Amino acid sequence: MPSVTLQGSLVFAVVLGALIFISPTGDGTSSPPELPAQPLLQPPLPLSFDGYDRYGFDKTRFTSETSRVRRHETLSDILRRYGVEGPEVAALVEAASGVFDVRSLRAGVPYRVYRDLRERHRLAGLVYEASRTRYVVFELRDRAHVAVWNRPVLLRREETAGVIEHSLYVTLEEQKADVGLAFELSEIFAWQIDFHHLYPGDRFSAVYDRRYVGGEPVGIARVHGARFHNSGREFVAYHFDEQGPISYFDDDGNSLRKSFLAAPVRYSRISSRYSGRRFHPVLRRYRAHLGTDYAAPRGTPIRATGDGVVVEARYRKGNGRYVKIRHNGTYTTAYLHMSRFAPGIRAGSNVLQGDVIGYVGSTGLARGPHVCYRFWKHGRQVDPLKETFPSAQPVAIEHKEAFDRVRARLRPELDALTFETQLPPYAFMMK
């Protein structure tokens with residue numbers, strides 16, 4: 001039987017100063033019971049929760065029914081469908097101001113309405129499931145009131161390891177691990193491993209916290225450490241955030257992340273920004289401009305903004321001469337309207353951050369010399385000027401001792417994981 005560690009008891013304050021403590025179950029998995037929150041719709045909760053539903057509503061007084069938000073439906077539409085009109089709708093919307101944005105209702109999300117048996121089945125309240133960990137209570141009795149409630153969240157520290165035969169996702173499913181770990185690992189090792197090209201026999205292990213609400217998993221909270229064997233190479237990551245933003249570092253304290261250069265050309269100016277609607281100077285009409293234009297003299301060297309592999313280096317009518325670089329499984333960049341390519345730049349070439357890949361020109365649909373810099377994240381074009389990239393700095397000297405302690409604790413834990421089995425989880429409560 002796995003050991004259970006409680007880093008604090010989850011305590012709910014109930015009426016008359018009574019306290020109810022959640023303790024782990026006998027099997028060591030520690031599942032939080034379904035204790036209701038206390039919306040204003042009901043009198044103070046008694047010591048026994050019998051007779052109340054999961055939201056804390058008295059089942060002897062209220063009837064309820066569940067539905068889902070329809071496409072393009074607003075809160076006002078829902079309320080009117082249940083007989084709530086005019087001033088009451090306005091009062092409830094006003095009560096939600098600063099508490100919950102009623103415009104954020106999403107189609108397909110469930111909600112539950114309550115009718116009061118003592119008041120001719122008049123609508124008394126509505127509960128909107130904003131997420132699996134949070135819900136919103138709209139009160140419609142004596143006065144309009146809106147409150148947001150968070151469900152108790154339990155963290156389990158879990159460990160998993162496996163050998164990839166078909167895909168990382170399938171392997172995690174077979175290990176009964178959180179499949180969301182596939183995304184987390186692809187983010188952590190984005191600069192070291194191309195997760196679009198994993199191979200049978202690649203191996204991984206990870207130690208992470210998993211969120212549970214009402215005994216059901218709701219995603220990963222944090223990966224503490226991970227190890228990945230890819231194509232005969234081993235990569236290790238340790239989570240360490242004492243020096244600022246959350247980052248992952250290798251055995252030597254070097255960051256696993258690399259920043260992009262701020263611009264592909266030196267001493268330039270931005271002549272046109274990323275925009276969903278820009279007047280094209282050549283086509284003379286409005287269209288999306290999914291790039292950032294840097295104006296510079298013809299012949300100015302264009303640099304790769306990050307390490308990667310050239311996937312395209314050719315001429316296309318609109319782009320002119322351009323180079324496209326895949327940096328990892330997450331990021332890709334392109335550099336348009338070049339006058340010429342740099343020597344050795346062709347599909348399949350490896351480039352390092354700062355390498356010259358071409359020279360500024362005006363080939364394709366361009367009126368003057370500039371480079372149009374395009375940026376993809378997970379296959380979707382985004383504005384790089386609005387992206388926040390993690391620091392590539394190593395662990396600071398003043399934090400090296402603390403990092404060494406984290407590494408010394410996690411490395412044996414990762415090494416102890418066999419790649420064919422998953423160790424049982426042990427639980428602790430979220431602080």
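The values are calculated or read from the model by the stated rules, or taken from the named source; none is laboratory data. What you are looking at is a predicted structure, and each value in this text was computed from that prediction instead of being measured. Reconstructed Cβ throughout: ideal geometry from the backbone, glycine too, with neighbour counts over all protein chains shown. Ligands, DNA and RNA are excluded from the accessible area calculation, which covers all protein heavy atoms including side chains. Shrake-Rupley method; radii C 1.70, N 1.55, O 1.52, S 1.80 Å.
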Checklist line | Among (1) in a loop (DSSP other than H, G, I, E, B); (2) touching a Leu at 6+ places or on another chain (Cβ under 9 Å); (3) modelled with pLDDT of 90 or more, the one test that residue 159 misses | finding: (1)
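Let's see how each residue does on (1) hydroxyl-bearing (Ser, Thr, Tyr); (2) part of a strand (DSSP E or B):
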residue	(1), (2)
64	yes, yes
73	no, no
83	no, no
112	no, yes
123	no, yes
132	no, no
Next item on the list: Check whether at least one residue in region 162-169 is open to solvent by 40 Å² or more (accessible area, probe 1.4 Å) and under 27 Å from residue 401 (Cα atoms), and report yes or no.
Entry: no
Notebook entry, point to check: Quick check: anything in region 382-390 over 30 Å from residue 255 (Cα atoms), touching a strand residue (DSSP E or B) at 6+ places or on another chain (Cβ under 6 Å) and touching a residue at least 60 places away in the same chain (Cβ under 8 Å)?
Noted result: no
Next item on the list: Give 163, 136 a once-over and let me know the one that is without any contact (Cβ under 8 Å) to a residue 60 or more places away in the chain and among the β-branched types (Val, Ile, Thr).
Entry: 136
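Could you tell me how many of the residues in region 108-130 are among the aliphatic types (A, V, I, L, M) and surrounded by fewer than 17 Cβ atoms within 10 Å (Cβ to Cβ)? So that I can check it myself, show each step before the final result.
Taking region 108-130 first, the residues among the aliphatic types (A, V, I, L, M) are 109, 113, 117, 123-124, 126-127, 130.
Narrowing further to those that are surrounded by fewer than 17 Cβ atoms within 10 Å (Cβ to Cβ): 109, 117.
Qualifying residue count, region 108-130: 2.
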Checklist line | Spans of strands (runs of 3 or more DSSP E) in region 266-382 with at least 2 residues small (Gly, Ala, Ser) and modelled with pLDDT of 95 or more | finding: 331-341
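I'd like the full set of residues that are open to solvent by less than 30 Å² (accessible area, probe 1.4 Å) and touching a Lys or Arg at 6+ places or on another chain (Cβ under 9 Å), limited to region 131-150.
First pass over region 131-150, keeping only residues open to solvent by less than 30 Å² (accessible area, probe 1.4 Å): 135-140, 146-147.
Matches in region 131-150: 135, 140.
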Notebook entry, point to check: Taking region 366-398, which residues are open to solvent by 50 Å² or more (accessible area, probe 1.4 Å) and of a type in the set (Gly, Ala, Ser)?
Noted result: 379, 391
